[in-house]
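Below: the structure, in structure tokens.
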Amino acid sequence: MKIFTGYCMTIFLLFSFACNEKNDPIKWDSVMAKNQISEREDSKTWDSIMFASDIRNMVNISDLPMISGVFPVPHYDRVGKNSFKGVGNFGYPGGDGAEIKVNDKSILYNSSFAGTNFLNAQFTSGKKNEVFFHIILLTDTVDTTNYSHTGSEIISRNHPNYIGQGFYRTKSQKIEYMAFQTADRRSYAIVNMRLFDLTLGKTILIAPQADATLRSMQIDSPALSSEEIEAYTDSLIHQPVIRNFFTQKGAI
């Protein structure tokens, strides 16, 4: 397994309300959200060093569902001192190219996570980060050389809101996804234009069918960190209902 930081952006925002140096839990509210809008539009709050770096490293990754624009953003610490604790992706492919197998079928997965900070700490049960989206997909092709069958990114430029996106290619179609979690705990995903409310379950299973249609299953998974997602995925795959979902008649 590998933690994917390719295409990742890591940045910092801050708001002009009293910051809690002890990082006690704080509830994000409409005043803070409106302040974020004001600071996005106020050049005096921008992180000019990060903005210059983003311009130098501007890359158009056309395979992803949406092109990431380069916007100036406020210093992350305006949200609160040391409020940004990182973001990342974790999932297949690993360097050895070994995917999960269900019978003779290949299963891939990816997850998006954000580091524990004083805004989400009350929800992470002491874990170092929080997985807010987890996708598990049935496929009939895996490129173990160039990994052209998959790609993903997660962006922190909206800190303390986070958004990730990615894609998978089967032999006959492309599965695209995007997911986000906001500081006030709203969380949604879109998979090929199907909308999922992730507060009802952050794990989404997708089974492409031979007739080019799709099937989905949503799992109300427990609070998970990036360190737990591999074992959790493996435990799901061994459940009969999950195995039946991926091996049902008509699946690729």
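Which of the lysines could a cross-linker span from K128 if the Cα-Cα distance has to be under 23 Å and same-chain partners fewer than 8 positions apart are dropped?
K2, K22, K27, K81, K85, K202
Residues with beta-carbon under 15 Å from that of V191, excluding V191: net charge, scoring Lys, Arg +1 and Asp, Glu -1?
+3
Quick one: go through the range 139-169 and flag any residue whose amide nitrogen is under 12 Å from the point 7 Å out along the Cα-to-Cβ line of L214.
Within reach of a label on L214: 166-169.
For the chain, what does the relative contact order come out to in percent, with C-alpha contacts under 8 Å and a separation of six or more? Each step should come with its number before you reach the end.
On the way: 497 pairs, mean separation 49.7, N = 252.
Across the chain, relative contact order equals 20 percent.
How about K174: which lysines have a C-alpha closer than 19 Å to its C-alpha, ignoring those fewer than 8 places off in the same chain?
K105
If I model a spin label at E227 and F71 as a point 7 Å from the Cα along the Cα→Cβ vector, what separation in nanometres do I get?
Modelled inter-label distance: 3.4 nm.
For H238, H149, H159, what's the fewest-to-most ordering of other Cβ within 10 Å of each Cβ? Write out the running numbers ahead of the final one.
On the way: H238 10, H149 20, H159 29.
Lowest count first: H238, H149, H159.
Hey, what did the range 27-88 get for relative contact order, percent, Cα under 8 Å, at least 6 apart?
Relative contact order of the range 27-88: 33 percent.
Using a Förster radius of 25 Å, what is the FRET efficiency between A33 and Q122 based on their Cβ-Cβ separation? Nearest 0.05, please. Display every interim value, and only then the final one.
On the way: r = 19 Å, r/R0 = 0.74.
E between A33 and Q122, to the nearest 0.05, is 0.85.
Every number here is computed from the coordinates shown, using simple stated rules; none is lab data. Predicted model, so just to flag it, every value in this text is computed and none were measured. Cβ atoms come from the backbone with ideal geometry, glycine included; neighbour counts cover every protein chain shown.
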